Amino acid sequence: MMLTLPYAVNMTETAPRVPRRERVRQATVDEIKAVARAQMAAEGTAGVTLRAIAREMGMTAPALYRYFGSRDELVTALVADAYNALADAMEAAVGAVAPGGHAERVRAAFGAFRAWGLEHPTEYALIFGSPIPGYVAPEATRPAGLRYTDLLGRLLAEAHADGALDPARIDLRVPATLTRQVEAFQRRRGGPELPAPVLAFGLGAWARVHGLVTLEVFGHLAPAIGDGAALFEQELEAIIRQSGLS
């Protein structure tokens, strides 16, 4: 018995393939970045050089310049990759929490920030550690760098819009100077208009988590308490209580 299809099917149809030359080029770019990260892990973020990368890969320095025109161009690509990877991890963690679970979404975001930092100390040091001498991050890194902070801002805005983050319940006295600063910041950035106490709370929470994770990633907590997980949980719960999130 012959099966008659209602329409002709082209069995040879496949998704468009990336040309081989582009695939080879991308694989080489990925290898250059991997070698650069290994250099940074061994010698610090300032230790990366194109000449050393070329030697490690068995390439000539001029050949490497066909992929990255300078050390700064390579560092810029690594900085953008690191920021995007951090934001991806935080967005995935927040996305796993049901909308409306505002306290849990804040916990998820900050927990993912810590986990990513501990799992990727070299990349964390690249974007949050000491500046690389002679390198100034260009404007091109800004969109990637804002992704994770914009996520935190959205969490505050959503909680406030739902009535879960009430400025009257935030256990915080905001100095007049800080009020002016956060209001000026909001005018520059645009987006949902939030009361000064909400903005000040968010800024303070970010600073506390960022500082604590940085101490842990750079090894400053270990001599005192070893694993920093319990201290992180204590501070995170204090932030949630202070916020009055419901």
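Overview of values
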read-out	value
Condition broken by ARG17, with the remaining ones in (1) farther than 24 Å from PRO121 by Cα; (2) modelled with pLDDT of 90 or more satisfied	(2)
Residue within region 99-117 that is of a type in the set (Phe, Trp, Tyr) and more than 21 Å from SER243 (Cβ to Cβ) present	yes
Cβ-Cβ under 9 Å pairs, at least 6 apart or on other chains, region 58-71 side touching a residue at least 40 places away in the same chain (Cβ under 8 Å) and of a type in the set (Phe, Trp, Tyr), far side open to solvent by less than 70 Å² (accessible area, probe 1.4 Å) and assigned to a helix (DSSP H, G or I)	TYR67/THR28; TYR67/VAL29; TYR67/ILE32; TYR67/LEU74
Among the residues listed as ALA103, ALA98, ALA38, ALA92, the single one being out of contact with any His (no Cβ under 7 Å at 6 or more places or on another chain), surrounded by 14 or more Cβ atoms within 10 Å (Cβ to Cβ) and closer than 26 Å to ALA157 by Cβ	ALA103
Criterion (open to solvent by 60 Å² or more (accessible area, probe 1.4 Å), under 26 Å from PHE128 (Cα atoms), modelled with pLDDT of 90 or more and charged (D, E, K, R)) met by exactly one of ARG189, ARG208	ARG208
Residue identified as open to solvent by 30 Å² or more (accessible area, probe 1.4 Å) and either at pLDDT 95 or above or in contact with a Pro (Cβ under 8 Å, 6 or more places away or on another chain) (or both) among LEU215, LEU203	LEU215
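The values are calculated or read from the model by the stated rules, or taken from the named source; none is laboratory data. Just so it is clear, the structure is predicted and the values come from calculations on it, not from any experiment. Cβ atoms come from the backbone with ideal geometry, glycine included; neighbour counts cover every protein chain shown. Keep in mind that these areas ignore ligands, DNA and RNA; they rest on the heavy atoms of the full protein, side chains included. Shrake-Rupley method; radii C 1.70, N 1.55, O 1.52, S 1.80 Å.
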